[in-house]
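Following: one structure in structure tokens, then a few remarks.
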Amino acid sequence: MVMKDMNNQEEMSDLIDGLKKEINSKNNEIAAYIDKIESLEQEITRLQKLVPGEPSRIRFKTEKPEDVFDPDSESAIIIKDLVKQFEEVTAVNGINLEIKKGELFGLLGPNGAGKTTTINILVGLLNPTEGSALVGGYDVKKDLNKIKEMIGVCPQEASVYKFLKGRENVELFGNLFEMDKNLLKERADKFFESSGLKEASNRKAKGYSGGMIRQLNLIIALINDPKIVFLDEPTVGMDPRARRNTWNFIGDLKKEDKTIILTTHYIEEAEALCDRVGIIDYGELIALGTPKELMEKHDAQDLEEVFMKITGRRILEGA
Amino acid sequence: MQRILALVKMELLKLIREPAILFLNLLFPAILTLVFGLAFGGIGGGDSAIFEMMAPGLFAYACIFLIMTVAMSFTEDREAGLLKRINVTPTTSSQFIGSHIITNMVIAVIQLVIVFLLSLVMGFQPNIDIFGFIMAFIFMLLLSLCSVGLGLITATISKSSGAAVGLSFIFILPQMFFGTFIEPSGVTEGIAAFLPSHYVTEAIKTIFNGGSPFAMEILMELGIIALMTIGIVILGILLFKRFGKV
């Protein structure tokens, strides 16, 4: 009987030892998994830094503001720490940017990213909440009248008087810039000819197609021979042929040494036309460079891929 | 000046080419005068004395409806993005609003000529000399200017042109019913004291009935309507510049 008890105790002791060994082995496995998880987390963080998917944490700046804000520079537009707040929403969040004279600059970004708000501040339609901007060397807060004399704006909406003829619309806006009558007629003729609207110029805009109204919209923006042109999605609603014509038209403007700021949703348009592009998301400038530079940097085949990569998180969130 | 003239030309072309604007500004007052003339004037076989009393109120009617057309014009332009577009040209707010005031004064003059001539055709026989005519004209132009100011206020508070039409009646109806040819009494008399059309109708009624255009009563009414007009136009401009432009 005593012998039997002793055997049982030995068996129990062996069992406990076995279990202890198993527990130690599992603990080692868990520790290995924890190490692996930590290592994966580090890898994720590293990748997030390479692909800036969280603009609120990763902020892109072209130059330090103090370097950018030089009124005597050869820049057409200088933006310093620009902020625009609409109640709870920050539409533009600390943008710093410099656009050189004669440059065709593309401003890209998803809907509601802050492109139009930025342009509206630059053309004087909105006051910045914080920061400042110089357009043609003039401060948007102080010298708005001087800025308005040198800019041309093609708004997103096709803003023309429908009851006026195409030519009357152009003449109206030319007169608002106090243009000389002969010069106004000369430039209007030139633009109607080059845009293919010559025949329609003496018809009321009410009868124009969507594409024709867009072209008229563009002519009005350029009639005063502006030094700096803001084109806010100028080809929306145009058929491919009209869009291609407009691209040529914009290309010709560049030859006239005008500074052009173009916002568009057509990434191929920006890629084909722009010297440099800036991508805005959540009101912040998250990428800046020539299309080629951005494609190389983000290892992408085209600008659209760059755009998708760096604004992808937002699109996934929206989906 | 080039800017103001260009904007005035555009607004006048709108008057000619937009049927709704043409109807509200010119045809509606003309039709109203004809209808009231036929109903109450000598031609329709009615008592022409009633039409004699009504005619000054009809002049005020035409001016009051400018509130609606001004409010519609501003809100339609705002909806179409045209105010933004003009705002990015060197055109100042004063030039822009000034051009609207000039255009509406021109429209008011055309309205008054139409209503006056049709009233004469319908049997209206004013006892008036050239000074009385000029004074009556000044009163009605002031009321038109006041309507432009109220139109600006309406445009400021309206989100769309449809809303502008509805909201304009806040200013149109009291002036129509308590400040034109319906004689105010009791409570309405108190309300009428705040209505520009009341002073204009009272003054031109006296003038058309042979009263001196330079009588103290007329000059007092001229002073009141002038002050009201200045206040309302300034308020309209300030509100529109601050809240209504973009």
For this session: Collect the residues in region B:187-226 that are modelled with pLDDT of 85 or more, among the hydroxyl-bearing types (Ser, Thr, Tyr), open to solvent by 30 Å² or more (accessible area, probe 1.4 Å) and closer than 21 Å to B:Leu150 by Cα, keeping them in residue-number order.
Result: B:Tyr199
Exercise. In region A:163-221, how many residues are within 30 Å of the chain's Cα centre (by Cα), open to solvent by 70 Å² or more (accessible area, probe 1.4 Å) and without any contact (Cβ under 8 Å) to a residue 24 or more places away in the chain?
Worked result: 0
Exercise. Would you pick out the residues in region A:116-146 that are more than 9 Å from chain B (Cβ to nearest Cβ), open to solvent by less than 10 Å² (accessible area, probe 1.4 Å) and within 25 Å of B:Gln2 (Cβ to Cβ)?
Worked result: A:Val135
Exercise. Only one of (1) surrounded by fewer than 21 Cβ atoms within 10 Å (Cβ to Cβ); (2) at pLDDT 85 or above is not met by A:Pro65, so which one is it?
Worked result: (2)
Exercise. Within region A:234-290, can you find the residues that are open to solvent by 20 Å² or more (accessible area, probe 1.4 Å), over 23 Å from A:Asn111 (Cβ atoms) and in a loop (DSSP other than H, G, I, E, B)?
Worked result: A:Glu256, A:Asp257, A:Asp275, A:Thr290
Exercise. Within region B:7-17, can you find the residues that are over 19 Å from the mean Cα position of the chain (by Cα) and not basic (Lys, Arg)?
Worked result: B:Leu7, B:Met10, B:Leu13
Seminar exercise, completed: Log entry, pairs with first residue in region A:1-28 being part of a helix (DSSP H, G or I), second being surrounded by fewer than 10 Cβ atoms within 10 Å (Cβ to Cβ) and modelled with pLDDT of 85 or more, beta carbons closer than 8 Å, six or more apart or on different chains, reads none
For this session: Being among the aliphatic types (A, V, I, L, M) and open to solvent by less than 20 Å² (accessible area, probe 1.4 Å) is the filter here, so list the residues in region A:291-314 that pass it.
Result: A:Leu294, A:Ala300, A:Leu303, A:Val306, A:Ile310
Seminar exercise, completed: How many residues of region B:54-89 are at pLDDT below 85 and under 25 Å from A:Phe230 (Cα atoms)? The answer is 0
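The values are calculated or read from the model by the stated rules, or taken from the named source; none is laboratory data. Just so it is clear, the model here is predicted, and its values are computed rather than measured. Positions of Cβ are backbone-derived with ideal geometry, glycine not excepted, and every protein chain shown enters the neighbour counts. Remember, those area values only see protein heavy atoms, side chains included, never the ligands or the DNA or RNA. Shrake-Rupley method; radii C 1.70, N 1.55, O 1.52, S 1.80 Å.
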